[in-house]
Amino acid sequence: DAGVIQSPRHEVTEMGQEVTLRCKPISGHDYLFWYRQTMMRGLELLIYFNNNVPIDDSGMPEDRFSAKMPNASFSTLKIQPSEPRDSAVYFCASSLTTYQPQHFGDGTRLSIL
Amino acid sequence: GNSVTQMEGPVTLSEEAFLTINCTYTATGYPSLFWYVQYPGEGLQLLLKATKADDKGSNKGFEATYRKETTSFHLEKGSVQVSDSAVYFCALMGDTGRRALTFGSGTRLQVQP
């Protein structure tokens, strides 16, 4: 079975540009999570969805960040405008239920110049 | 709130040495506990889990026992290999409220031949 698929794997862009990260969860998984990994703060939850509905977005750092899940097989995380401090690795994960383990994608390494 | 504390790394061992990575947690109720492993350039992979007190999770020679009395979930392996070199993350999911993982800061393991 295909795992969680994220794209792009790497993104380098200039500050002020819009950045869109994409995620395809494992088919049949009802929960989708977005995490951010930095050296300073480690792994942080940004937002998670249940059946395409955002449940908890308290980890989204500010209004420049937005996430959507238009259907069960696709989610996006947008940053507009981007800033250098947004540079990080962004992971998407999905799980069958809340009690099942989360499966992670390989991440998107984002560099904002 | 929930939190996870891991021992600082890097941990450097020779091949076939015994490994222990300490993990303690703070949470109310009965959280589920996990160890994830991250190889360079990849996402996190579930290594093992335990969902209730005294459960022992095991996989690929790694073990960890859920100790509620000491709020610990230490990772052990009897004989490490060079291929075990990676970053190891301890994590928990609470049994109420936010249905997402809280991660420790990660411990880098380096195994030398």
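For the reader, a short list of remarks on this structure follows.
- For the criterion of being farther than 24 Å from B:G41 by Cβ, within 13 Å of chain B (Cβ to nearest Cβ) and in contact with a Pro (Cβ under 8 Å, 6 or more places away or on another chain), A:I47 passes.
- Applying the criterion of being more than 20 Å from B:T24 (Cβ to Cβ) and among the β-branched types (V, I, T) to the residues of the range B:55-113, the residue that is nearest to the chain's Cα centre (by Cα) is B:V80.
- Scanning the range B:103-113 for residues that are more than 11 Å from every other protein chain (Cβ to nearest Cβ) and touching a strand residue (DSSP E or B) at 6+ places or on another chain (Cβ under 7 Å) returns B:T107, B:R108, B:L109, B:Q110, B:V111, B:Q112.
- When B:Y36, B:Y66 are checked against the criterion of being over 25 Å from A:Q37 (Cα atoms) and aromatic (F, W, Y), B:Y66 stands alone in meeting it.
- Flag if A:I112 is surrounded by 16 or more Cβ atoms within 10 Å (Cβ to Cβ) and touching a residue at least 24 places away in the same chain (Cβ under 8 Å): yes
- A count restricted to the range A:1-44 and to residues that are in a loop (DSSP other than H, G, I, E, B) and either within 12 Å of chain B (Cβ to nearest Cβ) or under 12 Å from the mean Cα position of the chain (by Cα) (or both) stands at 9.
- When residues of the range A:1-36 are limited to those that are among the polar types (S, T, N, Q) and surrounded by fewer than 20 Cβ atoms within 10 Å (Cβ to Cβ), the one farthest from A:S82 (Cα to Cα): A:S27
- A:T76 in contact (Cβ under 8 Å) with a residue 40 or more places away in the chain, surrounded by fewer than 21 Cβ atoms within 10 Å (Cβ to Cβ) and assigned to a strand (DSSP E or B): yes
- From B:A91, B:A53, B:A100, residue being more than 11 Å from chain A (Cβ to nearest Cβ) and among the aliphatic types (A, V, I, L, M): B:A53
- Filtering the range B:65-73 for residues that are of a type in the set (K, R) and within 11 Å of chain A (Cβ to nearest Cβ) leaves an empty set.
Any read-out appearing in this document is the output of simple, stated calculations on the displayed coordinates, not a laboratory observation. Source: prediction; values computed, not measured. Positions of Cβ are generated from backbone atoms using ideal geometry, with glycine treated the same way; all protein chains shown enter the neighbour counts.
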